[in-house]
Amino acid sequence: MTQLELARSGIIPPQVKHVAEVEGTEINFILQGLIDGTIVIPANPNHAKLTPCGIGKGLRTKVNANIGTSSDFFDLDTELKKLQAAVDAGSDAVMDLSTGGDISAIRRAIINTSSVPIGTVPVYQAGIEAIERHGAIVNMTVDEIFNAIEEQAEDGVDFMTVHCGVTQASVARLKNQGRTTGIVSRGGAFHTAWMLHNDEENPLYQYYDRLLDLALKYDFALSLGDSMRPGSITDASDRAQIEELIIQGELVKCAREAGVQVFVEGPGHLPLDQVASNVQLEKNLCRKAPYYVLGPLVTDIGAGYDHITGAIGGAIAAAAGADFLCYVTPAEHLSLPDMEDVKQGVIASRLAAHAGDIVKGVKGAREWDEKMSRARKNLDWETQARLSLDPQLSHQIHSRIPSAEKTCSMCGKYCAMAIVEKYLNSPAIKH
Ligand code: SF4
């Protein structure tokens, strides 16, 4: 039985117990969330080293890091180091988006090494193999798409991005709409090219039941991909994007009825004032399914600093109810990320997630900040470093210009907190 089938039959799956323990919440809360579909625990039984992680309502906002090779650079050792860098920086999940080298071998090595849930986009593999076999992605067969999904499920992939929501209807809306940046989802582009060339419906939509059967057989979660996500703020919240979201909502309903765990992917690029409304729309249209957003990036001009533009949008999205943030790295739009990019991206997204958690009232979030503030007031540099997301960097910057006082070198002997503390506690002051 799948995790969800166990839960629905009244048996508490071990993953539920684990998530309740790490989130510091009641088992019944997690169990009910899993049954309702507001909480997803991606946990493929074939992923031997997995430590389960819950995503959804009432839980700490989670962060995903994308790693993986490209056709220009493929080295397994580098990807395993990026995996380690992501986990060390506190990423809750990792997606292997490899499109270069021996894709299957890379994926298996990542799964076999990882304790965090692993996600993939199987159509990458199907598309690339179609080029090798048939000369073009548009010649990919329906069976080849499903075979890639099954192969990856057997390997132990915990959640898969499946672009089921891009249909002939949503492509027609895209054409009719006109866009600045067209389609920026790689998987979405593969499907759209295939559909237009073959004049057929998207196989993942047309044969959605076949996909649900595989998800049930291997117990992986579906992450409904957003092929129509805006790739620029001028394209944000347009008809094509909302058309796909409506379809995603219908697909959430079908997945839940079939007993498959499902969450929904979202933008992308959104101006600041559209972030919260996009989250609310997803929650309404997709029956409160966990929302997994990429960024969102709140401006298009952040090249080299897009981990910051993504974190600004991510914080607002998380505060508005987004459950899962896909990181953006400084290399976004420019290059395949390296290990340092991975670290910077995870930390920026974790800050965004935590800022959202303070507003959401997630257990322990505000307390963490209070501890940091007390340590700051006490000029307790060890505790400040320990409570920071990057203790090594905190130590390094603090010791860069040593202060003659117990304070830091910013204000030295004129430290505001030290001065006020001295006089506030002076017995000479009468209250
Ligand atoms: S010296 Fe200035 S910056 Fe440093 S702890 Fe004191 S008030 Fe803060």
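Worth pointing out:
- The simple Förster model, with R0 at 25 Å and r as the Cβ-Cβ distance, assigns residue 393 and residue 181 a FRET efficiency of 0.15.
- Beta bridges by DSSP in segment 33-130, antiparallel share as percent, to the nearest 5: 20
- For residue 262, distant residues with modelled amide H under 5 Å away: 222
- Taking θ as phi - 60° and the Karplus parameters 6.51, -1.76 and 1.60, the scalar couplings of segment 335-351 work out to 6, 5, x, 9, 4, 5, 4, 4, 4, 4, x, 5, 5, 4, 5, 5, 4 Hz in sequence order, x denoting glycine and proline.
- Theoretical gain in end-to-end length, residue 193 to residue 386 [0.36 nm per residue, Cα-Cα removed]: 64.5 nm
- For the residue pairs 81/371; 217/363; 57/343; 175/343, the C-alpha atoms sit more than 30 angstrom apart in 81/371; 217/363; 175/343.
- Pairwise centroid distance, computed over Cα atoms, of segment 53-94 with segment 258-284, Å: 21
- For segment 376-420, the fraction of 1.4 Å probe accessible surface lying on carbon and sulfur atoms is 59 percent.
- Measure of compaction for segment 158-280 (Cα Rg per 2.2 N^0.38 Å): 1.04
- Karplus 3J(HN,Hα) series, Hz, for segment 29-41 with 6.51 cos²θ - 1.76 cosθ + 1.60 (x for Gly, Pro): 5, 5, 4, 5, x, 5, 5, 6, x, 7, 10, 10, 10
- Couplings for segment 218-230, taken from phi via the Karplus curve 6.51 cos²θ - 1.76 cosθ + 1.60 with θ = phi - 60°, read 9, 6, 10, 8, 8, 10, 6, x, 10, 4, 9, 5, x Hz in order; Gly and Pro are left as x.
- Cα shape, segment 1-121, gyration tensor, a/c 1.5 rule: prolate
- Note on residue 334 and residue 303: their simple-model spin labels are 0.9 nm apart, each label 7 Å out from Cα toward Cβ.
- On segment 1-112, 52 percent of the accessible area sits on carbon and sulfur atoms, based on a 1.4 Å probe.
- Here the accessible area of segment 235-354 is 59 percent carbon and sulfur, with a 1.4 angstrom probe and all protein chains present.
- Charge dipole of the chain (Cα centre as origin; +1 on each Lys and Arg Cβ, -1 on each Asp and Glu Cβ, all else neutral): 2000 debye, rounded to the nearest 20.
- Leading residue at positive end of dipole, segment 310-359 (Cβ point charges), from 336, 348, 319: 319
- Farthest towards the positive end of the charge dipole of the chain, among the residues 39, 272, 394, is the Cα of 394, using unit charges on the Cβ of Lys, Arg, Asp and Glu.
- Simple point charges give the picture: +1 on the Cβ of Lys and Arg, -1 on the Cβ of Asp and Glu, and for segment 230-345 a dipole about the Cα centre of about 520 debye.
- Beta bridges by DSSP in the chain, antiparallel share as percent, to the nearest 5: 5
- Looking at segment 271-401, the accessible area is 49 square angstrom per residue; that uses a 1.4 Å probe and ignores ligands, DNA and RNA.
- Isotropic mean projected area of the C-alpha convex hull, the chain (nm²): 23.2
- Potential lengthening of the chain between residue 284 and residue 8 amounts to 97.0 nm, from the contour at 0.36 nm per residue minus the alpha-carbon distance.
- Projecting the Cα atoms of 384, 228, 159 onto the charge dipole of the chain (Cβ charges, centred on the Cα centre) puts 384 farthest toward the positive pole.
The values are calculated or read from the model by the stated rules, or taken from the named source; none is laboratory data. Owing to the predicted nature of the structure, the values given are computational and were not obtained by experimental measurement. FYI the Cβ positions are ideal-geometry reconstructions off the backbone, even for glycines, and counts take in every protein chain you see. Surface areas here come from the heavy atoms of the whole protein model, side chains and all, with no ligands, DNA or RNA. Shrake-Rupley method; radii C 1.70, N 1.55, O 1.52, S 1.80 Å.
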